[in-house]
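**Student:** Dropping the structure in here first, questions after.
The values are calculated or read from the model by the stated rules, or taken from the named source; none is laboratory data. Just so it is clear, the model here is predicted, and its values are computed rather than measured. No Cβ is skipped: glycine too gets one built from the backbone with ideal geometry, and neighbour counts run over all protein chains shown. Surface areas here come from the heavy atoms of the whole protein model, side chains and all, with no ligands, DNA or RNA. Shrake-Rupley method; radii C 1.70, N 1.55, O 1.52, S 1.80 Å.
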Amino acid sequence: MAAGVVNIRRDVDDKFYRYRMPLLLTKIEGKGNGIKTVIPNMSDVARALSRPPTYPTKFFGCELGAQTSFDEKNDRYIVNGAHDATKLRELLDVFIEKFVLCKSCKNPETDLIITKSDDIIRDCKACGERTGVDMRHKLTTFIVKNPPKTKKSKGAKKANGGDSPTPSANGNHAQSETAAIDAEADGGNSDDELTKRIKAEAAELKAESALAKEDWSVDTSAEAVKARTKALEAQMGTLGVGDDDSDEDADSPYSQLKTWLQENRDELSPVSVYKKAEELGIAKRHKTVQVLGQYLFDENIIAEINKFLPVFAKMVTSEKHQKSLLGGIERLVGVDLPDLTAAIPKILMVFYQGDVLDEEVIQQWGTHVSKKYVDRDTSKKVRKASEPFLKWLEEADDSEEED
Ligand SMILES: [Zn+2]
């Protein structure tokens with residue numbers, strides 16, 4: 001982790017955690033009665049939290065019983081009195097807990113929405129839940145008076161925009177549509193059941209991430225170095241390794257990864273899988289995620305994707321990676337485990353909600369039959385089975401445009 005950058009949830013000690021913010025800095029200015037604490041990087045921190053810089057500053061004031069002042073033009077955020085950085089960082093954690101994190105899944109990708117009755121709601125981009133904030137806190141008065149400006153959120157096209165302050169109209173849209181997919185995919189789970197399961201799985205994943213404190217650094221033992229050298233030699237000696245899609249010879253790092261996945265199926269963890277890819281020298285290759293997509297999962301694929309989501313979040317770094325992952329999944333559900341074909345909408349949903357697959361890439365994939373990974377008929381079949389999810393994506397889009 002770069003110096004001066006911390007996890008937005010500082011209680012999560014996990015290098016995979018994707019939500020980071022600059023470490024809050026302070027500078028004491030003036031003296032005597034005029035002494036004050038300036039927060040020179042308040043706007044950077046606030047940007048990472050998708051909140052106006054005035055909110056956390058005002059929050060500090062509320063908590064410390066201190067006056068605050070902002071000069072937004074000159075980017076100056078000030079709390080009167082002398083306060084040390086540690087204290088303000090702790091208070092920032094409280095602010096994040098109360099006004100940023102989704103109450104349900106603890107994901108920080110939320111928008112604040114102010115309802116007609118002046119309640120403040122956190123609208124979660126990750127799980128779709130809308131949870132209220134504690135309206136007894138003094139900051140709520142400030143927020144209602146100074147509502148967040150509508151901005152393009154990171155997820156841009158995802159979910160219900162945010163410029164409409166009425167949560168009633170399409171608040172449960174995403175969830176009911178998800179349930180519809182679910183019902184079509186395996187013939188009738190209730191709305192609530194799926195919602196519950198997604199939440200449970202999200203919670204499990206968070207717990208897993210929190211527990212993953214193992215050392216992720218590169219193994220430098222002689223054995224590991226030898227393995228990496230061998231992998232490098234294999235890459236240099238074999239034309240096209242990495243970028244071509246023909247089947248690999250048994251010695252290629254991809255074949256080795258496949259064999260390793262199959263042999264260690266019962267002991268795999270996100271950490272061990274990532275380490276193995278590093279050891280083989282292919283952690284950054286798009287073809288690696290194709291191999292993972294095809295060989296990492298079995299019948300429990302939904303739970304397993306959730307478990308290994310951090311690996312994909314880390315390794316799927318481009319559109320090409322996304323396409324490779326879809327290729328691997330296509331082989332898995334189309335050829336290796338055809339019983340899973342019906343689960344493809346759910347599979348896509350989990351990767352989509354985990355921010356591993358983008359809407360545009362899924363749409364593109366879903367509307368173009370391809371012989372790249374499987375034969376034409378299988379490709380068609382898999383896309384046909386994906387339709388409920390593709391339709392949902394499209395409708396989610398349309399409803400946003402109507403807003
Ligand atoms: Zn959530």
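**Student:** Using alpha-carbon positions, what is the distance between the centroids of the range 1-74 and the range 261-334, in Å?
**Tutor:** Cα centroid of the range 1-74 versus Cα centroid of the range 261-334: 37 Å apart.
**Student:** Along Cα→Cβ, 7 Å out, is where each label goes; now give me the distance between the ones at residue 318 and residue 20 in nm to one decimal.
**Tutor:** Once both label points are built, they end up 2.1 nm from each other.
**Student:** Also: Label points 7 Å out from Cα along the Cβ direction at residue 363 and residue 336: separation in nm?
**Tutor:** In this crude spin-label approximation the distance works out to 3.0 nm.
**Student:** Please give me the summed charge of the neighbours of residue 10: other residues whose Cβ is under 12 Å from its Cβ, Lys and Arg +1, Asp and Glu -1. List each step's numbers first, then the result.
**Tutor:** Values: positive: 9, 20, 89; negative: 11, 13, 14, 90, 93, 97.
Surrounding charge for residue 10 is -3.
**Student:** Excluding ligands and nucleic acids, what accessible area in Å² is computed for residue 260 using a 1.4 Å probe, to the nearest 10?
**Tutor:** Counting only protein heavy atoms, residue 260 exposes about 50 Å² to solvent.
**Student:** Then there is this: Amide H to amide H under 5 Å from residue 20: which residues, 5+ apart in sequence or cross-chain, H placed 1.01 Å off N in plane?
**Tutor:** 8
**Student:** Still on this structure: Given a Förster radius of 22 Å and the C-beta distance between residue 75 and residue 146 as r, what FRET efficiency does 1/(1 + (r/R0)^6) yield to the nearest 0.05? Mind dumping the intermediate values first?
**Tutor:** Working: r = 17 Å, r/R0 = 0.77.
FRET efficiency, residue 75 to residue 146: 0.85.
**Student:** If I model a spin label at residue 66 and residue 10 as a point 7 Å from the Cα along the Cα→Cβ vector, what separation in nanometres do I get?
**Tutor:** With each label point 7 Å from Cα toward Cβ, the separation is 1.5 nm.
**Student:** Under the Karplus relation 6.51 cos²θ - 1.76 cosθ + 1.60, θ = phi - 60°, what is the ordered set of whole-Hz ³J(HN,Hα) values for the range 6-19, x standing for Gly and Pro?
**Tutor:** Whole-Hz 3J(HN,Hα) from phi for the range 6-19: 10, 5, 4, 8, 6, 6, 9, 9, 8, 6, 7, 4, 8, 9.
**Student:** If you don't mind, there's one more thing I want to ask. Could you pull out the pairs from 27/138; 323/381; 125/381 whose alpha carbons sit more than 27 Å apart here? Kindly include the intermediate steps, with their values, before the conclusion.
**Tutor:** Details: 27/138 25 Å; 323/381 18 Å; 125/381 31 Å.
Listed pairs above 27 Å: 125/381.
**Student:** Want the number for residue 262 to residue 138: 0.36 nm per residue separation, take away the alpha-carbon distance, what's left?
**Tutor:** Details: separation 124, 0.36 × 124 = 44.64 nm, distance 5.59 nm.
That pair, residue 262 and residue 138, stretches by 39.1 nm at full extension.
**Student:** What list of ³J(HN,Hα) couplings, whole Hz, do you get for the range 369-383 from phi and the Karplus terms 6.51, -1.76, 1.60, once you set θ to phi - 60° and write x for glycine and proline?
**Tutor:** Running phi through 6.51 cos²θ - 1.76 cosθ + 1.60 with θ = phi - 60° gives 5, 9, 9, 4, 10, 9, 6, 4, 5, 5, 4, 4, 4, 5, 5 Hz.
**Student:** Related question: Can you work out the Karplus-derived ³J(HN,Hα) for every residue in the range 259-276? Use 6.51 cos²θ - 1.76 cosθ + 1.60 with θ = phi - 60°, whole Hz, and x for glycine or proline.
**Tutor:** 4, 4, 4, 5, 6, 10, 2, 7, 10, 5, 9, x, 5, 5, 5, 5, 4, 4
**Student:** Also, quick follow-up: Rounded to the nearest whole Å², what accessible area per residue is found for the range 253-376 with the 1.4 Å probe?
**Tutor:** Values: 4710 Å² over 124 residues.
Ligands and nucleic acids excluded, the result is 38 Å² per residue.
**Student:** Then there's this: Which order do 114, 301 take by accessible area at a 1.4 Å probe, largest first?
**Tutor:** Working: 114 25, 301 0 Å².
Correct descending sequence by accessible area is 114, 301.
**Student:** Subtract the Cα-Cα distance of residue 119 and residue 38 from 0.36 nm times their separation in residues, and report this length gain in nm to one decimal.
**Tutor:** Details: separation 81, 0.36 × 81 = 29.16 nm, distance 3.05 nm.
Value of the extension gain: 26.1 nm.
**Student:** Now a separate question. If ligands, DNA and RNA are left out, what is the accessible area of residue 317 with a 1.4 Å probe, given in Å² to the nearest 10?
**Tutor:** 100
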